[in-house]
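For reference, the structure is listed below as structure tokens.
The values are calculated or read from the model by the stated rules, or taken from the named source; none is laboratory data. Keep in mind that what you see is a predicted model, and the values were worked out from it rather than measured. Cβ: placed from backbone, ideal geometry, glycine included. Neighbour counts: every protein chain shown.
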């Protein structure tokens with residue numbers, strides 16, 4: 001056992017620094033691995049990226065040219081960038097509201113004691129744990145215009161068949177539907193936890209006062225769920241602004257750039273066109289957008305952490 | 001509050017309850033079908049003959065359970081190999097991450113040292129830096145370290161997760177401080193306490209964190225895509241996408257490969273489902 005060694009180290013440290021400081025030394029020691037990793041792979045790269053964004057470089061040549069803010073100017077004046085930002089915003093505008101309302105309804109369905117409720121809950125959770133790639137592959141088959149299940153069902157119902165992922169007007173919406181489907185389970189679980197925190201007496205009192213279920217939902221449920229709803233909405237927006245895998249696997253940014261999101265665009269520019277300066281400049285512009293929402297979130301995070 | 005208004009004849013009350021209950025079941029089942037439907041369709045296609053899968057109108061239930069797609073997926077795609085790769089990487093990441101995160105969480109939650117609180121805020125701020133900002137520079141770092149096309153580039157950066165540190169810290173804070181004094185009286189130091197008291201007591205939290213870390217690693221796509229270039233080294237998601245680009249028209253084989261790739265996660269899910277769901281609650285609500 002290594003106890004002997006540690007006991008001796010401990011004794012030595014106590015002798016050198018005193019009892020109180022010994023605690024401090026261990027604290028710093030335990031922090032060290034995570035701190036080194038964070039500095040190396042998060043903070044340092046973030047600053048390095050700022051430097052790269054000021055260069056005109058192909059990632060290979062040893063002497064890149066310094067071009068100052070030119071990359072940023074090019075990004076902001078690029079029509080393709082604005083289109084990507086527009087696509088990403090469409091995605092967020094669709095996925096976030098639906099991603100709140102649908103799970104809310106599911107959670108409402110799953111409240112209360114019912115036999116088999118836990119099984120249903122687990123089933124609804126299944127899409128969430130599946131990888132984005134697997135989900136995308138399955139849904140691309142579902143969306144297949146000629147042979148896919150969705151168009152078959154539509155035609156059975158007498159409705160017109162759709163191009164889905166091949167239709168520039170519908171492609172992003174198709175991705176949104178898939179994303180809402182996949183995310184519903186985990187959001188539902190979060191909301192369920194929140195719902196269970198609302199005392200039943202509130203509803204009882206409201207029922208006695210004659211309030212309908214709908215009114216109860218509006219005046220009791222939604223206000224008391226506000227913190228969780230805010231959390232879900234803001235994390236949804238932040239995540240949505242960074243969407244990559246779905247457009248990459250499903251449509252490669254098509255058709256005709258209708259699903260090219262900002263991160264997909266950044267990826268292409270960094271690793272295909274080999275223009276990391278431009279790509280990192282773009283990533284910082286996106287970061288600025290995300291930061292605005294993150295600052296909104298900060299109040300939530302500060303509220304969550306408790307300092308001993 | 002009197003019970004008078006609520007009294008109804010037992011007959012009509014039971015009927016109303018029965019109707020509501022049945023409606024609930026019907027609705028819940030419909031939703032369940034919507035949730036699981038795509039997967040059922042995937043499995044149905046996976047067991048179909050390739051040409052049957054492409055038939056229109058589509059056959060919901062294949063006329064026979066054809067295993068050829070699965071055979072093809074295993075023999076012609078590096079599917080099993082990629083799953084083995086992913087398993088290796090996932091286990092390594094869990095090991096490293098749990099160690100690093102739990103040590104940091106221990107320090108942040110129970111040890112006092114100068115600058116602790118400010119350092120914690122710094123850690124939290126790391127979560128706000130979106131991954132696309134660090135994508136290129138980390139790749140360059142990894143290239144400089146000659147880790148490109150190696151699992152080191154995936155495992156080592158994944159060793160730190162502020163989210164895990166945050167979660168474990170919340171949990172560690174619920175363990176009374178006296179335990180450390182008791183341990184000290186018994187002759188254990190900080191590390192002894194950590195290893196023999198704190199960790200065993202935290203098993204539920206550690207299991208939850210491991211599950212989520214496993215899921216994150218198994219399902220990861222973008223970073224392995226950037227870092228790995230040898231097909232034999234591909235991880236499962238990347239391998240799936242790579243193979244799909246070569247086998248675009250053989251849908252039944254693609255669906256078979258996808259089905260196989262989901263099985264490990266499914267197994268984990270079935271065994272740990274309660275834990276996973278409770279874990280989600282832990283992340284979203286104050287611990």
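Conditions tested, residue by residue: (1) free of Cβ contacts under 8 Å to residues at least 40 places away in the same chain; (2) facing chain B (nearest Cβ under 10 Å); (3) on the phi > 0 side of the Ramachandran plot; (4) not in a helix (DSSP H, G or I).
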position	(1), (2), (3), (4)
A:84	no, no, no, no
A:92	no, no, no, no
A:101	yes, no, no, no
A:105	yes, yes, no, no
A:112	yes, yes, yes, yes
A:118	yes, yes, no, no
A:123	yes, yes, no, no
A:146	yes, yes, no, yes
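Scanning region B:23-59 for residues that are over 27 Å from the mean Cα position of the chain (by Cα) and surrounded by fewer than 11 Cβ atoms within 10 Å (Cβ to Cβ) gives B:23, B:26, B:51, B:57. Within region A:68-80, identify whether any single residue is at the interface with another protein chain (Cβ under 8 Å from one of its Cβ atoms) and either at positive phi or buried (at least 21 other Cβ atoms within 10 Å of the Cβ) (or both), and answer yes or no. Looking through region A:68-80, none of the residues is at the interface with another protein chain (Cβ under 8 Å from one of its Cβ atoms) and either at positive phi or buried (at least 21 other Cβ atoms within 10 Å of the Cβ) (or both).
Scanning region A:277-308 for residues that are modelled with pLDDT of 90 or more and either surrounded by 20 or more Cβ atoms within 10 Å (Cβ to Cβ) or at the interface with chain B (Cβ under 10 Å from one of its Cβ atoms) (or both) turns up A:277, A:278, A:279, A:280, A:281, A:282, A:283, A:284, A:286, A:287. Residues that are buried (at least 18 other Cβ atoms within 10 Å of the Cβ) and either assigned to a loop (DSSP other than H, G, I, E, B) or without any contact (Cβ under 8 Å) to a residue 12 or more places away in the chain (or both) were ranked within region B:148-170; the one that is nearest to the other protein chains (Cβ to nearest Cβ) is B:160.
The single condition from (1) in contact with a helix residue (DSSP H, G or I) (Cβ under 8 Å, 6 or more places away or on another chain); (2) facing chain A (nearest Cβ under 7 Å); (3) without any contact (Cβ under 8 Å) to a residue 40 or more places away in the chain that residue B:117 fails is (1).
Criterion applied to B:234, B:193, B:269 was being modelled with pLDDT of 90 or more and either in contact with a strand residue (DSSP E or B) (Cβ under 8 Å, 6 or more places away or on another chain) or surrounded by 14 or more Cβ atoms within 10 Å (Cβ to Cβ) (or both), and the one residue passing it is B:234.
Step by step: first the residues of region A:179-200, then only those that are over 17 Å from residue A:225 (Cβ atoms) and over 14 Å from the mean Cα position of the chain (by Cα), then the one that is surrounded by the most Cβ atoms within 10 Å (Cβ to Cβ). Which residue is that? That would be A:185. Candidates B:182, B:144: the one that is over 21 Å from residue A:27 (Cβ atoms), without any contact (Cβ under 8 Å) to a residue 40 or more places away in the chain and more than 8 Å from chain A (Cβ to nearest Cβ) is B:144. Annotation note: of A:96, A:133, the sole residue that is within 13 Å of another protein chain (Cβ to nearest Cβ) and surrounded by 17 or more Cβ atoms within 10 Å (Cβ to Cβ) is A:133.
Scoring residue A:274 on the criteria (1) outside any helix (DSSP H, G or I); (2) on the phi < 0 side of the Ramachandran plot leaves a single failure, condition (2). The criterion of at least 3 residues that are at pLDDT 90 or above is met by the following helices (runs of 4 or more DSSP H) wholly inside region B:1-101: B:10-46. When residue B:173 is tested against (1) at the interface with chain A (Cβ under 8 Å from one of its Cβ atoms); (2) in contact (Cβ under 8 Å) with a residue 40 or more places away in the chain; (3) within 19 Å of residue A:268 (Cα to Cα), just one condition goes unmet, and that condition is (3).
Of B:66, B:56, B:106, which residue is farther than 20 Å from residue B:205 by Cα and within 12 Å of another protein chain (Cβ to nearest Cβ)? Only one candidate passes the filter, namely B:56. Out of the residues in region A:21-34 meeting the condition of being buried (at least 18 other Cβ atoms within 10 Å of the Cβ) and facing chain B (nearest Cβ under 8 Å), tell me which one is nearest to residue B:158 (Cα to Cα). Of everything passing the filter in region A:21-34, A:34 is nearest to residue B:158 (Cα to Cα). Which pairs do you get when a residue that is touching a residue at least 12 places away in the same chain (Cβ under 8 Å) and at positive phi, found in region A:40-65, comes within reach of a residue that is surrounded by 15 or more Cβ atoms within 10 Å (Cβ to Cβ) and assigned to a helix (DSSP H, G or I), reach meaning Cβ atoms under 6 angstrom, with the pair 6+ apart or on two chains? Close Cβ pairs satisfying both conditions: A:59/A:276. Tallying residues that are closer than 24 Å to residue A:135 by Cβ and within 12 Å of chain B (Cβ to nearest Cβ) within region A:173-226 yields 15.
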